[in-house]
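Structure, as C-alpha cells:
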Amino acid sequence: MRIKHAEGQTLLTLLRLCFVAIACLCVGNMQAYADAFYQFIGSAGDMARDFIAPEEDASVSIQGEPVVLYFQELLPEGGGYRIVYQQLYKTGSENAYGLTDAAGRQLVPEQYQDILALPHAYVLKSGGLWQFVDAETFAPLSERLWEEVQPSLSEKGMLQGNLVRVRQDGLYGAVDLTGNVVIEPAYDEFVLYSYQVEWPLIAVRQNGYYGYLDMAGNIVVDLIYDYAVMSVTTVFADENDATGTTIPIIYVLRNEDWGAIYRQGDGPSAVDWQVEPSAEALAAYTQSQQSI
C-alpha cells in the first residue's frame with residue numbers, strides 16, 4: 001500500500017529526528033548503541049521512501065463557464081461562521097445548460113436556458129422564467145416564477161446577505177435564498193444592500209419617488225423624495241477631534257431642495273435641510289436622470 005506524499009514527508013521528518021537522537025547518543029559516549037540504532041534507522045528510511053507516492057493529480061479538464069459559489073455559512077449552536085468556496089462549471093450550449101462540479105460530477109442536467117447556484121438551491125431558467133428548486137431533490141421550493149433573479153455579490157464575488165432581488169411584471173422585490181417571498185415586487189427600482197453595512201437598507205423608487213426599506217420590507221425613509229442616495233460623511237466631536245468619525249448619511253432632494261438624513265438609534269433622523277449634497281451625491285443624481 002502506498003501512502004500520500006504529504007504523509008511520507010511527515011514520516012521522513014520523524015526519521016530525521018531519530019538521527020538527532022543518534023547524535024545525542026554519540027555525545028554521551030554510547031557509540032555501540034548509536035551504531036545499532038543508526039543501522040536500523042537507515043533501513044527504515046529506505047523502506048519509507050519506497051512507500052512514498054507522489055500526490056495524485058486530481059484535476060479534471062472541464063469544458064464550461066466557471067461559476068463560483070462563495071458564501072458565509074452560519075454554524076449551528078452559536079459556533080460562528082465558516083467560509084464556503086466551490087468552483088462549479090456551467091456546461092452545454094445555449095438553451096441547454098447544465099452544471100458540473102470541479103470533479104466532473106454533473107449536478108444539473110444540460111436542459112436549461114440558464115442556471116444560478118445558491119447555498120442550498122438552484123435557480124433554473126426555462127421558458128424564459130426562473131424557478132427556485134432544491135439542490136438535492138430538484139423539487140420546486142416555490143411555485144412563483146420570475147422574469148429576473150439577481151443575487152447581491154461583493155467585489156470579490158461573495159454572496160451578500162440573505163436576500164435575492166427578483167422581478168415580476170416589470171416590478172422588483174426580494175426573496176430569501178430558497179425562494180420564499182420577503183418583499184412583494186412593487187418597485188420600479190430596487191437596490192439591495194445599498195452602500196453601507198452599518199445601515200443596511202434597500203433603496204427603492206415607486207411611482208417616481210425615492211425612499212428606503214429595511215430588510216423586511218418596512219419603510220424606513222418615506223417614499224416622498226424626488227431623489228435619495230446613501231453615502232458617508234465625517235462628523236467631528238469638537239475642534240480637537242482631528243480624525244472624526246465616518247457615518248452613513250442619506251442625501252435627499254425634494255422640490256429642488258437638498259437635505260440629509262442620519263441614522264438616529266435604530267431609525268432615521270428628521271431631514272436636515274441645511275446640509276449640502278456631496279459631489280458624489282450630485283454625480284449619482286445626474287446619472288439617475290440620464291437613465292430614467
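What follows is calculated from the coordinates using simple rules that are stated; it is not laboratory data. Because the structure is a prediction, the values reported are computed rather than measured. A quick note on method: Cβ atoms are made from the backbone with ideal geometry, for glycine too, and the neighbour counts reach across all protein chains shown.
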Exercise. Scan segment 127-207 for trypsin sites (Lys or Arg not before Pro) in coil per DSSP, keeping those whose Cβ has at most 10 other Cβ atoms within 10 Å, and list them by number.
Key: Lys156
Exercise. May I ask for the distance between the Cα centers of segment 118-185 and segment 238-292, given as a whole number of Å?
Key: 32
Self-check item: Relative contact order [Cα under 8 Å, 6+ residues apart], segment 108-172, whole percent
Solution: 19
Exercise. Would you mind checking segment 128-145 for residues with the amide N under 19 Å from a putative spin-label position 7 Å along Cα→C-beta of Gln113?
Key: 128-133, 140-145
Exercise. Calculate the translational D of segment 188-292 in whole µm² s⁻¹ from Stokes-Einstein, where the hydrodynamic radius comes from the Kirkwood formula applied to all Cα pairs, the temperature is 10 °C and the viscosity 1.306 mPa s.
Key: 111
